[in-house]
Structures are given as structure tokens and as C-alpha cells.
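Read the structure below first, then the notes.
The values are calculated or read from the model by the stated rules, or taken from the named source; none is laboratory data. This one's a predicted model, so the numbers in the text were calculated from it and none came from an experiment. Glycine also receives a Cβ, built like all others from the backbone with ideal geometry; neighbour counts cover every protein chain displayed.
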Amino acid sequence: MAGSIVACAACGKRNRVPAAASGRPACGSCGAKLPWIVDAGDDTFAEVAERSSTPVLVDLWATWCGPCRAVSPALEQVATELAGTVKLVKVDIDKAPGLSRRFDVRAVPTLMIVKDGKVVARQSGAANATVLRRWVEQSLA
Ligand SMILES: [Zn+2]
């Protein structure tokens, strides 16, 4: 499964981060926790999100959605601030009709917190990084 390259915020080393893994990604050079931000679709969601041992923040978004473009950097900021605590999984709903149906997505962005394979919180619409971080932390508390 495809991974992504993430630069360590602590030392700058570029690390390859897998889309799914049993542990939590850490920098190969200094050991700092790395933000975990991956894409998923109908055929990868189970492995990447539902079977993740790390709680997942799911971003159901669409390319044509203006608020999605606004919320995307805020979500990435939250994933960076909460590196090691939460994994950000981005789902393009136009490429994932199965997930779109299953989660009955009527508005984008729709955000969900998935913990141990279960949706524990859900909200629609854009919000800033401070609000999103508080929502994630309260949902996982
Ligand atoms: Zn590092």
C-alpha cells in the first residue's frame, strides 16, 4: 500500500510513512512522532481507518467543495499538533461512492472520529484548527 513522505518537525529528516501500520510513525533519525496523513478509498478504508490502532480523524471531502479547501490545512495542522495521538485519513467522496453511501454523506466536508473501528463523533462543515483540535480531544477523552 502506498505511503507518503513526511518531514520531521523536530529535525527535518524526511521519513516514509506507511498508510497502515500497527504502531505509530516516528522519525527514523530523532524518534519524534510524525504526523500521519493518508488518503483512503472504498477498498482501503477498512485497513487504513477501521483497523487502525491509532484513533482516526476522517475527512470526507470533494474536489468541488470550497469549505473543504478551507478546512484541509486546519485538519493537517491538528494532525501535526496531535502527532502520535490521531491519524488523519482523507477520503475523496467522488472516488469512494461506497463510503459515501455507507456513511450517508449529505454535506462536505463531513468529519468523523473513528476509534477501534467505530464512529464515535461526527460533524459537518468547516471549522478552524482550534475548534477542530478541541473537538478531536473531547471526542477521544
Ligand atoms: Zn526527527
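Values as computed for the structure displayed
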quantity	calculated
Out of Val58, Val6, Val48, Val89, sole residue that is out of contact with any Phe, Trp or Tyr (no Cβ under 6 Å at 6 or more places or on another chain) and modelled with pLDDT under 95	Val6
Output for the stretch 33-62, where each listed residue is without any contact (Cβ under 8 Å) to a residue 40 or more places away in the chain and touching a Lys or Arg at 6+ places or on another chain (Cβ under 9 Å)	Ser53, Thr54
Test: residue in the stretch 76-84 that is in a strand (DSSP E or B) and surrounded by 14 or more Cβ atoms within 10 Å (Cβ to Cβ)	no
Condition broken by Thr80, with the remaining ones in (1) away from the ligand (no atom under 16 Å from the Cβ); (2) under 19 Å from Ala129 (Cα atoms); (3) among the polar types (S, T, N, Q) satisfied	(1)
Residue count for the stretch 1-19, restricted to those that are assigned to a loop (DSSP other than H, G, I, E, B) and within 13 Å of the ligand (Cβ to nearest atom)	6
Residue count, the stretch 32-50 (criterion: within 16 Å of the ligand (Cβ to nearest atom) and among the charged types (D, E, K, R))	1
Test for Asp42: is it in contact with a helix residue (DSSP H, G or I) (Cβ under 8 Å, 6 or more places away or on another chain), buried (at least 18 other Cβ atoms within 10 Å of the Cβ) and of a type in the set (D, E, K, R)	no
Criterion (outside any helix (DSSP H, G or I) and under 14 Å from the mean Cα position of the chain (by Cα)) met by exactly one of Val105, Val89, Val48	Val89
Set Ser53, Ser22, Ser72, Ser29: member being within 16 Å of the ligand (Cβ to nearest atom) and either charged (D, E, K, R) or surrounded by fewer than 20 Cβ atoms within 10 Å (Cβ to Cβ) (or both)	Ser29
All positions within the stretch 39-70 that are in contact with a strand residue (DSSP E or B) (Cβ under 6 Å, 6 or more places away or on another chain) and more than 15 Å from Met112 (Cβ to Cβ)	Asp39
All positions within the stretch 89-128 that are surrounded by fewer than 17 Cβ atoms within 10 Å (Cβ to Cβ), aliphatic (A, V, I, L, M) and farther than 20 Å from Asp39 by Cβ	Ala107, Val120, Ala121
Evaluation of Val89 against (1) without any contact (Cβ under 8 Å) to a residue 40 or more places away in the chain; (2) of a type in the set (A, V, I, L, M, F, W, C); (3) within 15 Å of Ala20 (Cβ to Cβ) (one fails), failing number	(1)
